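The values are calculated or read from the model by the stated rules, or taken from the named source; none is laboratory data. The structure presented is a predicted model; accordingly, all values stated were derived computationally and were not measured. Here the Cβ is made from the backbone with ideal geometry for all residues, glycine too, and neighbour counts use every protein chain on show.
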Amino acid sequence: MAMTEITRRGFVTHSASAAVALVFGGVADAKDDGDSSPRAGMTLGFSTYGMKSLKTEEALEVISEIGFDAVEVTVWPDWDAAPARMDKERRARMRSKLSEEKLKLTSLMEHVSPSADEAQHQKDLERFRSVFELARDLAPKDPPVVQTVLGSGRFDEKKNMIRDRVGDWVELGRQHGVVTCVKPHRGGVVSQPSEAIWILKQLEQPRWARMVYDYSHYIFRDIPFVESIREALPYTSHVAVKDTVRKGTGTEFVLPGEAGTIDFVTLLKELAKGGYAGDISCEVSGMVWSKPDYKPAAAARTCYTNLSSAFEKAGVKRR
């Protein structure tokens, strides 16, 4: 099947040389805005997914005041930072605000499920186009990754369709100079590193097609912790953290470090050993922020306390 504006074979040929000097396994070369090599450490970030009740500018102030180094911004259509709600003037103000608050924009969080329907796929491509443009407008020198989960269903039944749709997203991202990351999600059609890696290997685009690592989606399954880090790391450009606890016959997400079910010190050590130089982004699940007594600033402070301590114990430098 032909991809958007360029065949998959042509895409591979066109992009191969561009991949050589750029991101591999989360290890980045120095960029225009500063050194992001492994020796420079990692950033500790917070996702505005946990601050839906706040305007994005207010969320940035809170995140900065607490002490975080970086931020992920949620850009779903009904959220405050959706592209349609960010006109040219507001985008300029957001760039200034990020600089003023000394926050690195590391990721834009989307939520698009690949569709077998061609008309819907074209709509999805336009949605991604607006997000890729937003990524470039908010951080022109070093645009954030754009990440998404991939919906529901059975992987074996949908994997070829997902590969082709994600391939089109990635090609569009490449045209904008933005990396596209897929995120395995517990219970989703892509739910573990091996499935995401299958898609990425099929696309053969180590620079532009990447993944998000988040062990909260793998714990309490037959997916060993350290082995999963090492398996995913060569393909990972963003790391999300939160805890998972058993709830009856199922599981529930809680704040990172709150339950102690995931060893974040070991996570950081393994990432550092493998040369990861990206963001460690604290994510507050909708299971948490949808509760009536949820307070976003308090949750962010808890995340910061727990993860900054893990950085210190792991001996990993922050930047």
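Quick notes
- Taken together, the criteria place residue 150 among residues that are closer than 19 Å to residue 199 by Cβ, touching a helix residue (DSSP H, G or I) at 6+ places or on another chain (Cβ under 7 Å) and outside any helix (DSSP H, G or I).
- Within segment 200-230, the set of residues being within 17 Å of the chain's Cα centre (by Cα), outside any loop (DSSP other than H, G, I, E, B) and not polar (S, T, N, Q) comprises 200, 209, 210, 211, 212, 213, 215, 217, 229.
- Subset of segment 277-296 [closer than 17 Å to residue 61 by Cα and surrounded by fewer than 16 Cβ atoms within 10 Å (Cβ to Cβ)]: 295
Conditions (1) in contact with a helix residue (DSSP H, G or I) (Cβ under 6 Å, 6 or more places away or on another chain); (2) of a type in the set (Ser, Thr, Tyr); (3) closer than 20 Å to residue 54 by Cβ, marked per residue:
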position: 261; (1), (2), (3): no, yes, no
position: 285; (1), (2), (3): no, yes, yes
position: 297; (1), (2), (3): yes, no, yes
position: 310; (1), (2), (3): yes, no, no
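- Residue match in segment 229-247 (condition: hydrophobic (A, V, I, L, M, F, W, C), modelled with pLDDT of 95 or more, surrounded by 22 or more Cβ atoms within 10 Å (Cβ to Cβ) and in contact with a Lys or Arg (Cβ under 7 Å, 6 or more places away or on another chain)): no
- Scanning segment 263-283 for residues that are closer than 19 Å to residue 48 by Cβ and either part of a loop (DSSP other than H, G, I, E, B) or more than 20 Å from the chain's Cα centre (by Cα) (or both) yields 278, 283.
- Residue count, segment 176-199 (criterion: farther than 19 Å from residue 153 by Cβ and assigned to a helix (DSSP H, G or I)): 1
Table: residues versus (1) over 19 Å from the mean Cα position of the chain (by Cα); (2) at pLDDT 95 or above.
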residue	(1), (2)
24	no, no
27	no, no
30	yes, no
35	yes, no
75	no, yes
82	no, yes
93	yes, yes
107	no, yes
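Every residue, every condition in (1) surrounded by 18 or more Cβ atoms within 10 Å (Cβ to Cβ); (2) over 23 Å from residue 72 (Cβ atoms); (3) at pLDDT below 95, yes or no:
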position: 118; (1), (2), (3): no, yes, no
position: 133; (1), (2), (3): no, no, no
position: 151; (1), (2), (3): no, no, no
position: 171; (1), (2), (3): yes, yes, no
position: 177; (1), (2), (3): no, no, no
position: 181; (1), (2), (3): yes, no, no
position: 185; (1), (2), (3): yes, no, no
position: 188; (1), (2), (3): yes, no, no
position: 199; (1), (2), (3): yes, no, no
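- Count of segment 114-130 residues which are over 19 Å from residue 238 (Cα atoms), touching a residue at least 40 places away in the same chain (Cβ under 8 Å) and not basic (Lys, Arg): 7
- Residue check for residue 68: under 27 Å from residue 211 (Cβ atoms), assigned to a loop (DSSP other than H, G, I, E, B), in contact with a strand residue (DSSP E or B) (Cβ under 7 Å, 6 or more places away or on another chain) and in contact (Cβ under 8 Å) with a residue 12 or more places away in the chain: yes
- Pick from segment 76-107, criterion basic (Lys, Arg) and in a helix (DSSP H, G or I), ranking: surrounded by the most Cβ atoms within 10 Å (Cβ to Cβ): 97
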